[in-house]
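The values are calculated or read from the model by the stated rules, or taken from the named source; none is laboratory data. This is a predicted model, so every value here is computed, not measured. Cβ sites come from the backbone with ideal geometry, for glycine too, and all protein chains shown count toward neighbours.
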Amino acid sequence: MDPREMISRRAALELQDGEVVNLGFGMPLAVVNFIPKDRDVLLQSENGCFLFGPTPRLGHQDSDTANAGSMPITLRPGASVFDLATSFGIIRGGHVDCAILGALEVDQEGSIANWSVPGRAPGMGGAMDLVAGARRIIAILLHTDKTGEAKVLKRCTLPLTGKGAVDVIITDKAVFQVAPEGLVLTELAEGMTLEGLKAITQAEFSVAPELRAYRLA
Amino acid sequence: MDKITTLDQVLARFQDGMTIAIGGFAGVGSPLRCLELLATSGVKDLTLICVANCHPFGSFDLAPLFANHQVRRFITAHNGTNPEAMEQFRKGELDVEFYPMGTWIEKLRAGGAGLGGILTPTGIGTIVEQGKQKLTIRGRDYLVEEALRADLAIIKGFRGDPLGNIQYRRVAANTNPVVATAADWTIAEVNEIVPVGAIEPEAVGTPGVFVKGVVQGHTFEEQEKLFQDLWTRGGILKA
């Protein structure tokens, strides 16, 4: 299975029925395709709506109905629209139960960096507010970069989006819970050994007594 | 009272060195006709305040302003959709002042609402803290962010009347209601100009007191076609 699909499928399992959820830009958006059928979540789009649905078919789009990437979306029955100040009041004010954010780096203190690389600063957008306000933060990323370098670090090297804010880290190789004492490995991908994982993880971590196989359903 | 105005009169408002706040979110709910006017006006050294840069498929809404090097400073939450602006920033030709999106909108809301600024926890522990006052209230740290205002605001609505009342539609409201309040002079571009009384009171998103001029933009039909073409060309919409 494609590593990104693995991560999206696993991240979707974190969402509980009835939760208010914000999916950050990039890989998190794919999570919407894998939300278990028995769980109804209220998806927020940060540019100002709740209960958006799938991409409309040609001829059914609306020039005033788009997501934060300015791509067309549909609105489901019961949807609401509101302005940006209200939207960020929802985000910053603790009304979002769970935010799933793509990460460039995460570290063993639960810090996340996802908005700036040397020579290229696109801007933080809504990510920092999500980190400040959402009740639970799930960080998702490929375990290593294109050259095989670890991205789960002792300390983030890139400009931080949030310090110590992440609750769960999901990669294509492992799932870590972020506890006060540090990272705890709770799931390990099939075919991965503990030694193999340590070799590609810079962060220190302990292993949960109830360590299990990486769940996809 | 008749605030209905023309693009020529809007053009006369543009000055070199102005601070202009633009409503909309990367093209959606953006005042496209006024932006075209600004891009062909020749005014320069602008400080532009907008939540994000142009639509990711480029070349309309804010993109021409950067392509023409009309912008000296950009106050925003996100610049990444515009490669030209990113390059100007990298080379030091463009000054970009970044704020987290929630801070950006609240600075403007404070600016329009007579507040000196706001206290926000967003950015604590990051480089956003640099150069800012920090207060601890009931054990939680907050950054002091000052109010932000513009000389001119250009917003986009669905319908507008001669009193300046503006009705918004769907997710195109986004930044427009707040941006409308935070300038010395606000122009509202609309899809349709309607008579006084046509907009139900509870449907007014921006009361006319905030608006100095209402100008006809693309009709709703023209706007629908523009976005259908854009999204189809981009491979987003399929039959």
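Exactly one residue out of A:81, A:31 is at pLDDT 95 or above and either over 23 Å from residue B:55 (Cα atoms) or within 13 Å of chain B (Cβ to nearest Cβ) (or both): that is A:81. Residues of segment B:113-128 being in contact with a strand residue (DSSP E or B) (Cβ under 8 Å, 6 or more places away or on another chain) and at the interface with another protein chain (Cβ under 10 Å from one of its Cβ atoms), which ones? The answer is B:120, B:121, B:122, B:123, B:124, B:125, B:126, B:128. Close contacts from segment B:164-182, counting a first residue that is free of Cβ contacts under 8 Å to residues at least 12 places away in the same chain and a second that is hydroxyl-bearing (Ser, Thr, Tyr), with Cβ to Cβ under 8 Å and a gap of 6+ residues or different chains, come to B:170/A:65. Return only the number of the condition from (1) surrounded by fewer than 23 Cβ atoms within 10 Å (Cβ to Cβ); (2) over 30 Å from residue A:157 (Cβ atoms) that residue B:125 does not satisfy. Just one mismatch for residue B:125, condition (2). Residues of segment B:35-67 that are touching a Lys or Arg at 6+ places or on another chain (Cβ under 8 Å) and more than 11 Å from chain A (Cβ to nearest Cβ): B:44, B:45, B:46, B:47, B:48.
Within segment B:183-197, being out of contact with any Cys (no Cβ under 9 Å at 6 or more places or on another chain), in a strand (DSSP E or B) and either at positive phi or of a type outside the set (Phe, Trp, Tyr) (or both) holds for B:183, B:184, B:186, B:188, B:190, B:191, B:192, B:193.
Screening the candidates A:42, A:101 for the property of being out of contact with any Pro (no Cβ under 8 Å at 6 or more places or on another chain) and touching a residue at least 24 places away in the same chain (Cβ under 8 Å) yields one hit, A:42.
From B:102, B:112, B:92, B:27, which residue is among the small types (Gly, Ala, Ser) and closer than 29 Å to residue B:228 by Cβ?
Working: B:102 fails: closer than 29 Å to residue B:228 by Cβ; B:112 fails: closer than 29 Å to residue B:228 by Cβ; B:92 fails: closer than 29 Å to residue B:228 by Cβ.
Unique residue meeting the criteria: B:27.
Of the residues A:48, A:26, which single one is within 13 Å of another protein chain (Cβ to nearest Cβ) and in contact with a helix residue (DSSP H, G or I) (Cβ under 7 Å, 6 or more places away or on another chain)? Working first, answer last.
Numbers: A:26 fails: in contact with a helix residue (DSSP H, G or I) (Cβ under 7 Å, 6 or more places away or on another chain).
Answer to the check: A:48.
I'm checking my understanding of the structure. Among residues of segment A:198-217 that are without any contact (Cβ under 8 Å) to a residue 40 or more places away in the chain and either more than 30 Å from residue A:118 (Cβ to Cβ) or part of a loop (DSSP other than H, G, I, E, B) (or both), which one is farthest from the other protein chains (Cβ to nearest Cβ)? It would help to see each step written out before you state the result.
Here is the first cut: in segment A:198-217, the ones without any contact (Cβ under 8 Å) to a residue 40 or more places away in the chain are A:198-199, A:206-213.
Narrowing further to those that are either more than 30 Å from residue A:118 (Cβ to Cβ) or part of a loop (DSSP other than H, G, I, E, B) (or both): A:206-213.
Values: A:206: 24, A:207: 28, A:208: 27, A:209: 32, A:210: 32, A:211: 31, A:212: 33, A:213: 35 Å.
The residue in question is A:213.
Across segment B:69-90, what is the total count of residues that are in contact with an Asp or Glu (Cβ under 9 Å, 6 or more places away or on another chain) and acidic (Asp, Glu)? Final tally of qualifying residues: 1. Return the residues of segment A:127-181 that are among the polar types (S, T, N, Q) and within 17 Å of the chain's Cα centre (by Cα); say none if nothing qualifies. Correct list: A:144, A:161, A:171, A:177. Scan segment B:178-201 and tell me whether some residue there is at the interface with another protein chain (Cβ under 8 Å from one of its Cβ atoms) and within 15 Å of the chain's Cα centre (by Cα). Checked against the condition, which is being at the interface with another protein chain (Cβ under 8 Å from one of its Cβ atoms) and within 15 Å of the chain's Cα centre (by Cα), segment B:178-201 yields at least one hit.
Total residues in segment B:90-105 satisfying the condition of being modelled with pLDDT of 95 or more and within 22 Å of residue A:160 (Cα to Cα): the figure is 11. Residue under question is residue B:181, and the condition is that it be in contact with a helix residue (DSSP H, G or I) (Cβ under 6 Å, 6 or more places away or on another chain), among the β-branched types (Val, Ile, Thr) and modelled with pLDDT of 95 or more; does it hold? When the stated conditions are applied, residue B:181 passes them. Looking across segment A:51-66, the residues that are under 23 Å from the mean Cα position of the chain (by Cα) and more than 8 Å from chain B (Cβ to nearest Cβ) come down to A:51, A:52, A:53, A:54.
Does residue B:164 qualify as being more than 14 Å from chain A (Cβ to nearest Cβ) and either part of a loop (DSSP other than H, G, I, E, B) or touching a Lys or Arg at 6+ places or on another chain (Cβ under 6 Å) (or both)? So residue B:164 fits the description; yes. Here residue A:59 meets each of (1) surrounded by fewer than 17 Cβ atoms within 10 Å (Cβ to Cβ); (2) at negative phi with one exception, condition (2). For segment A:69-78, check the following and say yes or no: at least one residue is surrounded by fewer than 21 Cβ atoms within 10 Å (Cβ to Cβ), within 17 Å of residue B:28 (Cα to Cα) and more than 9 Å from every other protein chain (Cβ to nearest Cβ). Yes, segment A:69-78 contains at least one residue that is surrounded by fewer than 21 Cβ atoms within 10 Å (Cβ to Cβ), within 17 Å of residue B:28 (Cα to Cα) and more than 9 Å from every other protein chain (Cβ to nearest Cβ).
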